[in-house]
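The next block holds one structure in the form of structure tokens; read it before the comments.
Computed from the coordinates by the stated procedures, all read-outs in this text should not be read as laboratory data. Every value quoted in this text rests on a predicted model; they were computed, and no experiment measured them. Glycine also receives a Cβ, built like all others from the backbone with ideal geometry; neighbour counts cover every protein chain displayed.
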Amino acid sequence: MATSLLCAAAVTPARAQISLLKPSEVIVAVGAGDVDKVRELLAHGGKPDATDIRGTTALIFAIKAGNGELVAVLLAGGAHAGMTDKEGNTPLIWAADGGDAGIVRQLLTARAKVNEENRQGLTPLMAAARNGRTEAMEVLLKAGAAIDKTDYTGRDALAWAADSRTPAAAALLRQFGAH
């Protein structure tokens, strides 16, 4: 009897560890782009802020896939628009980096902070500027993105735009007052 209890106790931590490494059903459904499955899971108690072992949220996966419909479903299901990954990147930073102006608008409507920085001081505007994502930049600027903020390397959005070699991005920033 005592031996079987010891054996059961020894197995429990291993099972717990395995379940921690297994992605949630919400993450799997988002990865598959299955909007209906995500809706179903959220309706039955699935966690909209589920993360993988790297701290990437279901919302960030949907944003990286450029799937605005999944983003909308997750936000409507309670996903937090400001929940960061392990590097401190917000969903808005990922959306700006990818350049999807529609998803940027969705996140701003869900009260994402337009000037929130990651651990390196990078803002969503800088992320958009470094990739020449002018449509996303314009949405962020109109929403009040700080044009003069600098990251921890001392670069602002204009410096990032210059690095991207996208004249239209630099011109847009100058139009909004960058110098």
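In the chain, helical runs assigned H by DSSP with n ≥ 4 each contribute -39500 (n - 2.57); averaged across all residues and rounded to the nearest 500, the mean residue ellipticity at 222 nm is -16500 deg cm²/dmol. The listed peptides 33-45, 106-118, ordered by packing as a protection proxy, come out as 106-118, 33-45 (highest mean of other Cβ atoms within 10 Å first).
Would you please classify the overall shape of the range 24-80 from the alpha carbon gyration tensor, given that a ≥ b ≥ c denote the square roots of the eigenvalues, rounded means a/c under 1.5, and beyond that prolate means a/b larger than b/c while oblate covers the rest?
Taking the square roots of the gyration eigenvalues as a ≥ b ≥ c, the range 24-80 is rounded.
For the range 89-179, the C-alpha radius of gyration divided by 2.2 N^0.38 Å, with N the number of residues, is 0.92.
Projecting the Cα atoms of Met126, Val30, Leu59 onto the dipole axis of the chain, where Lys and Arg carry +1 and Asp and Glu carry -1 at the beta carbon, places Met126 farthest toward the positive end. Overall, the range 63-164 carries a charge dipole of about 160 debye about its Cα centre when +1 sits on the Cβ of Lys and Arg and -1 on the Cβ of Asp and Glu, all other atoms neutral.
The lysine pair tally for the chain, using Cα distances under 17 Å and a gap of 8 or more places or different chains, is 5. Taking Cα centre as origin and charging only the Cβ of basic (Lys, Arg, +1) and acidic (Asp, Glu, -1) residues, the dipole magnitude of the chain rounds to 180 debye.
Report relative contact order for the range 24-80 in percent, whole number only (criteria: Cα-Cα under 8 Å, sequence separation at least 6). In percent, rounded to a whole number, it is 39. Can you compute the label reach from Lys113? Point 7 Å from Cα along the Cβ direction, backbone N cut-off under 19 Å, restricted to the range 138-154. Under 19 Å, as judged by backbone N against the label point of Lys113, lie 140-153 of the range 138-154. Between (1) 7, 13, 13, 14, 10, 6, 6, 6, 5, 5, 5, 4, 4, 2, 1, 0; (2) 8, 19, 15, 14, 12, 10, 10, 7, 4, 1, 0; (3) 10, 34, 26, 16, 8, 4, 2, 0, which matches P(r) over Cα pairs in 10 Å bins from 0, in percent calculated for the structure shown? Among (1) 7, 13, 13, 14, 10, 6, 6, 6, 5, 5, 5, 4, 4, 2, 1, 0; (2) 8, 19, 15, 14, 12, 10, 10, 7, 4, 1, 0; (3) 10, 34, 26, 16, 8, 4, 2, 0, the one calculated here is (3). Scanning the chain for DSSP H helices at least 27 Å long along the axis (C-alpha atoms) with a Kyte-Doolittle mean no lower than 0.0 picks out 2-21.
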